[in-house]
Amino acid sequence: MTPQIKFGTDGWRSNIAGDFTFESVKRCTQGFSNYLNNLEIDNKKVIVGYDKRFLSEYFARSVTEVLAGNGFHAFLTNDATPTPVISFAVVNEKAIGAVNITASHNPSTDNGFKVRDENGSAIAPDGLKSIENLIPEEITDVNTIPYDEALNQGLIEIINPAPDYITNIEKLIDLKSIRQAGLKILVDSMWGNGAGWFPRLLGGGKTVVEEIHNVRNPIFPEMDRPEPIPPNVDVGLLEVAKRNFDVLLINDGDADRFGLGDENGNFINQLQVFGLLAYYLLEVRGFRGPIVKTLSTTSMLKKLGEMYSVPVYETGVGFKYVAPKMVETDALIGGEESGGFAFRGNVPERDGILAGLYILDMMVKLDKKPSELIELLFNKVGPHYYYRIDQKFSGDRQKKIDRIINAIPDHIAGLKVTDFNDTDGFKFSFEDGGWLLIRFSGTEALIRVYCETTHRDKVQAIINAGLEIAGINK
């Protein structure tokens, strides 16, 4: 039976050799080709990249064969390439879009088909739905030209997008000052596409850059998955404390997400990182411009927006919402709770490499270690404490949703509820600027409960209240 392909936030992900096969990848590419042709734009350039997962480069070749069979000029990256570099190549080559074979932070058994628009950014939900609807059910409806034949005809071209990406990075940040700062940096590449990038950008000076998990190993040892949060990053955090590094920089499998560890081996969560990056751009660099945030990330951004007189826009969860809003508003920064951050002057796409460089530049310019940067941020906006729990559940989903909608509590964990938002999940805002968010997974019987508050002692009580509101027994 032909597997049904359902697109999520960025495209489609599934298990290798189960649903994710060469045949299904070709069907996806035909759907994307049909979508691009329906745009009726006189542009046939499409960037194709891939990660270091099992068979990714060969899946990418299959993509180029179908693109060529549909009259497109496929630019195939010469190596496993970070997602932000692929996205930059879309704009740099003036392409109509991109296909990236990657499952990002998913487990090793998965691979994925990620798509991008002409801005190098996530395609909006209506566009993703259109692609999904245009995927043929049968492989016989897929147009292909064999790889070698298409290569000889010039329909497939091998490119190296790295030099132009680096040139743009050098316009955004002073790499020389970081190279000469004498920092001792540890990078956890999580077996992914970010390997080698920080040594390449920062090598040759007084700063020392060492890497772990920086070779190809598709089973991802020493972590559950290449997602830049504990416990996946614990090896790097222990190494920082053991060997006296100044900082731990972490990229996920395709290097579009960013994680951070301080000089003591403590993990700095992604909401705190978002606050640091916004503060860096507004205060240290003196820039001004809108901030775009998902509703599941930090309220520190609203406080910074008020302090620096810049608007803050809140979207649904996922860069398919963040990217269009960044383009619309010419935003200074956009980001999400999972560690994806995008910046003006680059492309409206998550860039874990540039995020790491900006943190290093902040350390150099302020002469502070990461723990001291957090202290500085909290002195500005007050301490904020975050927690998230993913809980499996049984029973009827709609009954639980109805229960949440009808709850309408006046107080949660002793904090007055000041607002309720059901744009994407169910968000209760509190008098202290904190919040509780309840969201259901779209693919499994899983509920996610998030909270942020200025009261450290209320974090667990807020999470427990969220589970109770949803009728979940922990």
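The values are calculated or read from the model by the stated rules, or taken from the named source; none is laboratory data. Bear in mind the structure is a predicted one, so any value in this text is a computation, not a measurement. For neighbour counting, all protein chains shown are included, and Cβ atoms are generated from backbone atoms with ideal geometry for every residue, glycine included. Ligands, DNA and RNA are stripped out before the accessible areas are found, and what is left, the full protein with its side chains, is counted by its heavy atoms. Shrake-Rupley method; radii C 1.70, N 1.55, O 1.52, S 1.80 Å.
The residues of region 419-438 that are in contact (Cβ under 8 Å) with a residue 60 or more places away in the chain and surrounded by fewer than 18 Cβ atoms within 10 Å (Cβ to Cβ), listed by number, are Asn421, Thr423, Asp424.
Checking each residue in region 160-188 for being closer than 27 Å to Lys44 by Cβ and buried (at least 18 other Cβ atoms within 10 Å of the Cβ) picks out Pro161, Ala162, Tyr165. Say whether the condition of being in contact with a strand residue (DSSP E or B) (Cβ under 9 Å, 6 or more places away or on another chain), closer than 18 Å to Glu138 by Cα and open to solvent by 10 Å² or more (accessible area, probe 1.4 Å) is met by at least one residue in region 31-47. Checked region 31-47: at least one residue is in contact with a strand residue (DSSP E or B) (Cβ under 9 Å, 6 or more places away or on another chain), closer than 18 Å to Glu138 by Cα and open to solvent by 10 Å² or more (accessible area, probe 1.4 Å).
Residues in region 447-466 include none that are in contact (Cβ under 8 Å) with a residue 24 or more places away in the chain and at positive phi. Just so you know, in region 449-474 the residues that are touching a Leu at 6+ places or on another chain (Cβ under 8 Å) and among the basic types (Lys, Arg) include one that is farthest from Pro409 (Cα to Cα), and it is Lys474. Residues that are under 18 Å from Leu360 (Cβ atoms) and among the hydrophobic types (A, V, I, L, M, F, W, C) were ranked within region 206-231; the one that is surrounded by the most Cβ atoms within 10 Å (Cβ to Cβ) is Val209. Checking every residue in region 405-418 against the condition of being touching a residue at least 12 places away in the same chain (Cβ under 8 Å) and under 21 Å from Leu304 (Cα atoms) gives at least one match. Remark: pairs (first residue in region 289-318, on the phi > 0 side of the Ramachandran plot; second residue modelled with pLDDT under 95 and open to solvent by 40 Å² or more (accessible area, probe 1.4 Å); Cβ separation under 8 Å; 6+ apart in sequence or on different chains) = Gly318/Thr9. Just one of the listed residues (Lys114, Lys171) is part of a helix (DSSP H, G or I) and basic (Lys, Arg), namely Lys171.
Identify the residue in region 232-268 that is open to solvent by 30 Å² or more (accessible area, probe 1.4 Å) and either without any contact (Cβ under 8 Å) to a residue 24 or more places away in the chain or part of a loop (DSSP other than H, G, I, E, B) (or both) and, among all such residues, is nearest to Ile86 (Cα to Cα).
Of all residues in region 232-268, those open to solvent by 30 Å² or more (accessible area, probe 1.4 Å) come to 234-235, 238-239, 241-244, 263-264, 266-267.
Okay, now just the ones that are also either without any contact (Cβ under 8 Å) to a residue 24 or more places away in the chain or part of a loop (DSSP other than H, G, I, E, B) (or both), so 234, 242, 244, 263-264, 266.
On the way: Asp234: 29, Lys242: 35, Asn244: 34, Glu263: 32, Asn264: 34, Asn266: 31 Å.
By that ranking, first place goes to Asp234.
Taking the criterion of being open to solvent by 10 Å² or more (accessible area, probe 1.4 Å) and either in contact with a strand residue (DSSP E or B) (Cβ under 6 Å, 6 or more places away or on another chain) or without any contact (Cβ under 8 Å) to a residue 12 or more places away in the chain (or both), the residues of region 97-110 that qualify are Asn106, Thr109, Asp110. Candidates Thr423, Thr453, Thr443: the one that is at pLDDT 95 or above and of a type in the set (Val, Ile, Thr) is Thr453. Of note, Glu65 does not satisfy the criterion of being in a helix (DSSP H, G or I), in contact with a strand residue (DSSP E or B) (Cβ under 6 Å, 6 or more places away or on another chain) and open to solvent by 10 Å² or more (accessible area, probe 1.4 Å). Where residues in region 330-386 are among the polar types (S, T, N, Q) and modelled with pLDDT of 95 or more, which of them is nearest to Gly305 (Cα to Cα)? The extreme case among them is Asn379.
Restricting attention to strands (runs of 3 or more DSSP E) lying wholly within region 302-385, give those where 1 or more residues are among the aromatic types (Phe, Trp, Tyr) and open to solvent by 10 Å² or more (accessible area, probe 1.4 Å).
Values: elements: 312-315, 333-335, 341-343.
Once the strands (runs of 3 or more DSSP E) in region 302-385 are filtered for at least 1 residues that are among the aromatic types (Phe, Trp, Tyr) and open to solvent by 10 Å² or more (accessible area, probe 1.4 Å), what remains is 312-315.
The set of residues from region 111-159 being open to solvent by 40 Å² or more (accessible area, probe 1.4 Å) and among the hydrophobic types (A, V, I, L, M, F, W, C) comprises Leu134, Ile139, Leu151, Leu155, Ile158.
Pairing residues of region 145-160 that are under 11 Å from Val66 (Cβ atoms) and in a helix (DSSP H, G or I) with residues that are of a type in the set (A, V, I, L, M, F, W, C) and open to solvent by less than 80 Å² (accessible area, probe 1.4 Å), at Cβ distances under 7 Å and at least 6 apart in sequence or on separate chains, gives Tyr147/Ile156; Ala150/Ala68; Ala150/Ile156. Please determine whether any residue of region 456-468 is at pLDDT below 95, in contact with an Asp or Glu (Cβ under 9 Å, 6 or more places away or on another chain) and surrounded by fewer than 22 Cβ atoms within 10 Å (Cβ to Cβ). Checked region 456-468: no residue is at pLDDT below 95, in contact with an Asp or Glu (Cβ under 9 Å, 6 or more places away or on another chain) and surrounded by fewer than 22 Cβ atoms within 10 Å (Cβ to Cβ). The set of residues from region 312-328 being in contact with a Gly (Cβ under 8 Å, 6 or more places away or on another chain) and not small (Gly, Ala, Ser) comprises Val312, Val317, Phe319, Val322, Lys325, Met326.
Scanning region 1-30 for residues that are touching a Cys at 6+ places or on another chain (Cβ under 9 Å) and surrounded by fewer than 21 Cβ atoms within 10 Å (Cβ to Cβ) gives a single hit, Ile5. Among the residues making up region 269-282, a single one is surrounded by fewer than 24 Cβ atoms within 10 Å (Cβ to Cβ) and free of Cβ contacts under 8 Å to residues at least 60 places away in the same chain: Leu282.
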